[in-house]
1. Say whether the condition of being hydroxyl-bearing (Ser, Thr, Tyr) and either at pLDDT below 85 or surrounded by 14 or more Cβ atoms within 10 Å (Cβ to Cβ) (or both) is met by at least one residue in the stretch 165-182.
2. Please report, ordered by residue number, the strands (runs of 3 or more DSSP E) entirely within the stretch 1-95 with at least 1 residues that are touching a strand residue (DSSP E or B) at 6+ places or on another chain (Cβ under 7 Å) and either more than 30 Å from Lys181 (Cα to Cα) or at pLDDT 85 or above (or both).
3. Would you tally the residues in the stretch 52-84 being of a type outside the set (Phe, Trp, Tyr) and surrounded by 13 or more Cβ atoms within 10 Å (Cβ to Cβ)?
4. Are any residues in the stretch 121-145 loosely packed, with under 14 Cβ neighbours inside 10 Å and assigned to a helix (DSSP H, G or I), and if so, which ones?
5. Kindly establish whether Ala117 is in a helix (DSSP H, G or I), at pLDDT 80 or above, more than 21 Å from Val169 (Cβ to Cβ) and within 38 Å of the chain's Cα centre (by Cα).
Amino acid sequence: MKKLLFLFLFLPLSLFSEVPPCPLSLPVIYDLTGAIDEGYFVVAVVTDQAEISEFSFDSETDYLTLLMDAQFYYTLCQDSAGHQQFLYMGPQEVGGAAAIQELKPLPSSLNQGFKVAGIGTLISMGAGIGTWIYFVATDTGDFVMVLVGLFVGAFVAASGIMLSALLGVLKGVQVSRNNQKEVARRKKSSDYGSSSSTFIVTSVDREIVPTQYLQKLAPSI
């Protein structure tokens, strides 16, 4: 019983062990400010292998998040009236001279909040179970102490879970505010929109887009 108690007392410490990095590459965010016409939004992205890439586009900041690695991309943009605009994204020697800024993805406030709350919940549950086991290990045969330990452990776990939820909310709010400040800082930066990578973005005529990419972007054409 003492060995079991020893293991549970050190259970919360194991929650802080470093998790090995994910082998998958993170998405990359590109700033399309100045390249995409006002009122247009991204509707499709195709890679150099003529494969449709998953993406997300923030029309307020003109940030395009690409979720598939490729040598270059062709992008179809459209406005509310259905007018189309095509963009090339790739090495400068292939595309043109317009600049694109590669930006570090901002952390998700929701994910960061859930992470804090989740870790706190696990620690609270471990502390609650450890408290109950302590009462069981020190019990001299009186069943009342086991029940007392159960209630005390449940109280410790419940209190910790509620505190963890509160800390998670506060963490999410903090990350959200930091993200807003970072977006504002990037917009005020003197080199905002300047080239900081080997990738550029430039508008191209529909006739310039190779057929295999055009068919993927706009099958009706």
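1. Checked the stretch 165-182: at least one residue is hydroxyl-bearing (Ser, Thr, Tyr) and either at pLDDT below 85 or surrounded by 14 or more Cβ atoms within 10 Å (Cβ to Cβ) (or both).
2. 41-47, 55-58, 63-66, 73-78, 84-91
3. Matching residues across the stretch 52-84 total 16.
4. Phe143, Val144
5. So Ala117 fails the test.
The values are calculated or read from the model by the stated rules, or taken from the named source; none is laboratory data. Quantities reported herein were computed from a predicted structural model and do not represent experimental measurements. Cβ coordinates were reconstructed from backbone atoms using ideal geometry, including for glycine residues, and neighbour counts include every protein chain displayed.
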